[in-house]
Amino acid sequence: MITLDTLIEFRKGALEAILEARHSFWAFCKLKAPDFYRDDRHHLQGLCNTLQSLYEGRLLKPNGQPYRKLMINMPPRFGKSRTLVLFNAWILGKDPRNRIMTGSYNDDVAVDFSRYTRDAIQEERDQPHVIIYNDIFPDTKIKKGDSSYMKWSLEGQYFSYKGVGIGGSATGKGCTIQETDDPIKNVEEAFNENALQRQWDWWANTFATRMETHEELEKESGHLTGLQIICMTRWAKGDICGRLLESDMSDDWYVMKHEAIDSTGKMLCEDLLSRQRYEELKKTMDPAIFAANFHQEPVDIKGKLYSNFLLYNSTPEEFEKIIAYADTADQGDDYLCNIIAGVRDKEAWILDIYYTKEAMEITEPETARRLHSFDVDEAIIESNNGGRGFARSVQRILWEVHKSRKPGIKWFHQSKNKKARILSNSSYVVQHVYFPWNWRDRWPDFFAAMNNYQKEGKNEHDDAPDAVTGLVEQISGADRPKTRVRVRRLR
């Protein structure tokens, strides 16, 4: 039996929770969905606090002026859309005069977004101890007879919310808060230049023009109007976020970016995406799509250096020779890349790739083992950045461990510009180098490096394209080392 003191304590606690949820968006989310909005999910707390700061004019630019534009870039299934739905309900409770317009990739998603916001406001009590929306914001109610899925109003307002799909009509209504949620439907759209252009044209020329700023309302309420929020997983450099960030309006946008895993190996939220699941997805997904989804690294299809690669299921019965080309790691974050290929008629069939960040004490014996295992005739190693010492160690290990004087190890200093070499030899790579049909699975990091390399701009890693370029220069005769070659033969 519930005592009077227990009931009083419960009501006191409920009142405190209601007042806190009324003033704190994070508290509101925790009250409405406590199993999802937990204190250990720091990315959600940060998202909630950022949205509230934007709304209240406390998210400031370096010049002290408040931001009115926010980009939220997160991996899928991390709660960004759910949070935006609750944000809509919260700000309509804070001030029913807010007018919200949301745009999604099609009408179905726009309907869902609109309905979820409306249903959050219309929530009914199913248990006497449960705190519902009306307890927190008793004056915010949906107007009867004006509550369709796509457009509805609150009591006392002529218009409160409208959802529209990309390409749909956004005319006839103005809004004080405008939100774009996941405008790209799938990878086919993300990599389709025409689809990206249509999205941009609609967003810039139709949707964005509906946003309004009301100075009088700001003075009366203490919150900002004329807010724009884009909430999406980055896909391509030509998406809406990419175009805005490359424009002269980039400084107007506050960018909140989260990767699934940080540089130290810490997961963004182990509950929502475990390290084990992350590694599984990394192995099975296309590297470009994986990087876009989980690291917010947009793909630039137009800027990819290698448009395609030749594949093989079987190699020729005989090769003229088998060669290896190795580029040692320049710095601690770089890769050693050793490529072994069979050569015939100035074409190469890639037989093995050793692509690693391991230390020299590991890579030297492993490189030697691979050279011996594939019976390599000729091995060329760039002597830059410790390559000469690496070459000598590999040859010593070949003799001491494998009792073989083959292959002859050659090293030379590469003095030509790396970027220029990679670009000038790219057509030869795509026309004369064959990769195994399953090379993505065999060498995923190497595969990603080759497929994501861009013609322009900075590339995080160029070790793979650089080594492939070195290989084809030896095959084509474009840059075979001559007088610079120093051959060390053991006596």
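The values are calculated or read from the model by the stated rules, or taken from the named source; none is laboratory data. Worth saying up front: this structure is predicted, and the values here are computed from it rather than measured. So basically every Cβ, Gly included, is an ideal-geometry build from the backbone, and we count neighbours across all protein chains shown. Keep in mind that these areas ignore ligands, DNA and RNA; they rest on the heavy atoms of the full protein, side chains included. Shrake-Rupley method; radii C 1.70, N 1.55, O 1.52, S 1.80 Å.
Some notes on this structure:
- Any hit, segment 62-75, residues being surrounded by fewer than 18 Cβ atoms within 10 Å (Cβ to Cβ) and of a type in the set (D, E, K, R): no
- Looking across segment 112-142, not a single residue is at pLDDT below 90, surrounded by fewer than 17 Cβ atoms within 10 Å (Cβ to Cβ) and in contact with a strand residue (DSSP E or B) (Cβ under 7 Å, 6 or more places away or on another chain).
- For segment 250-287, filtering for residues that are in a loop (DSSP other than H, G, I, E, B) and open to solvent by less than 80 Å² (accessible area, probe 1.4 Å) leaves 12.
- No other residue among 462, 445 is under 29 Å from residue 312 (Cα atoms) and either open to solvent by 60 Å² or more (accessible area, probe 1.4 Å) or without any contact (Cβ under 8 Å) to a residue 12 or more places away in the chain (or both) apart from 445.
- Flag for residue 212 being touching a Cys at 6+ places or on another chain (Cβ under 8 Å) and open to solvent by 50 Å² or more (accessible area, probe 1.4 Å): yes
- Test: residue in segment 400-407 that is buried (at least 17 other Cβ atoms within 10 Å of the Cβ), closer than 23 Å to residue 320 by Cβ and touching a residue at least 24 places away in the same chain (Cβ under 8 Å): yes
- When 168, 145 are screened for being in contact (Cβ under 8 Å) with a residue 60 or more places away in the chain and not in a helix (DSSP H, G or I), only 168 passes.
- Filtering segment 427-439 to residues that are closer than 27 Å to residue 283 by Cβ and either open to solvent by less than 20 Å² (accessible area, probe 1.4 Å) or touching a Lys or Arg at 6+ places or on another chain (Cβ under 9 Å) (or both) leaves 429, 433, 435, 436, 439.
- Scanning segment 379-393 for residues that are closer than 22 Å to residue 343 by Cα and free of Cβ contacts under 8 Å to residues at least 60 places away in the same chain, we see that the one that is surrounded by the fewest Cβ atoms within 10 Å (Cβ to Cβ) is 381.
- Selection of first residues in segment 36-47 that are under 14 Å from residue 82 (Cβ atoms) and in a loop (DSSP other than H, G, I, E, B) and of second residues that are open to solvent by 70 Å² or more (accessible area, probe 1.4 Å) and among the acidic types (Asp, Glu), restricted to Cβ pairs under 7 Å at least 6 apart or on distinct chains, gives an empty result.
- Whichever residue in segment 48-86 is among the polar types (S, T, N, Q) and free of Cβ contacts under 8 Å to residues at least 12 places away in the same chain and, among such residues, is farthest from residue 228 (Cα to Cα): 63
- Residue in segment 369-377 that is without any contact (Cβ under 8 Å) to a residue 24 or more places away in the chain, more than 15 Å from residue 471 (Cα to Cα), among the polar types (S, T, N, Q) and open to solvent by less than 50 Å² (accessible area, probe 1.4 Å) present: no
- Condition met for residue 217 (open to solvent by less than 50 Å² (accessible area, probe 1.4 Å), in contact (Cβ under 8 Å) with a residue 40 or more places away in the chain, closer than 21 Å to residue 161 by Cα and not in a strand (DSSP E or B)): yes
- For residue 355: the one exception among (1) within 20 Å of residue 463 (Cβ to Cβ); (2) open to solvent by less than 30 Å² (accessible area, probe 1.4 Å): (2)
- Residue, least open to solvent (accessible area, probe 1.4 Å), within segment 172-209, restricted to residues that are within 18 Å of the chain's Cα centre (by Cα) and acidic (Asp, Glu): 181
- Residues being crowded, with 22+ Cβ neighbours inside 10 Å and outside any helix (DSSP H, G or I) - total across segment 79-99: 2
- Residues considered: 427, 415. Of these, the only one that is out of contact with any Leu (no Cβ under 8 Å at 6 or more places or on another chain), among the small types (Gly, Ala, Ser) and within 24 Å of residue 310 (Cβ to Cβ) is 427.
- Test: residue in segment 295-302 that is open to solvent by 50 Å² or more (accessible area, probe 1.4 Å), assigned to a helix (DSSP H, G or I), in contact with a Gly (Cβ under 8 Å, 6 or more places away or on another chain) and of a type in the set (Lys, Arg): no
- Residue 109 fulfils the conditions (1) open to solvent by 30 Å² or more (accessible area, probe 1.4 Å); (2) closer than 30 Å to residue 186 by Cβ; (3) in a loop (DSSP other than H, G, I, E, B) except for a single criterion, (3).
- Where residue 326 falls short, out of the listed (1) buried (at least 18 other Cβ atoms within 10 Å of the Cβ); (2) over 23 Å from residue 426 (Cα atoms): (2)
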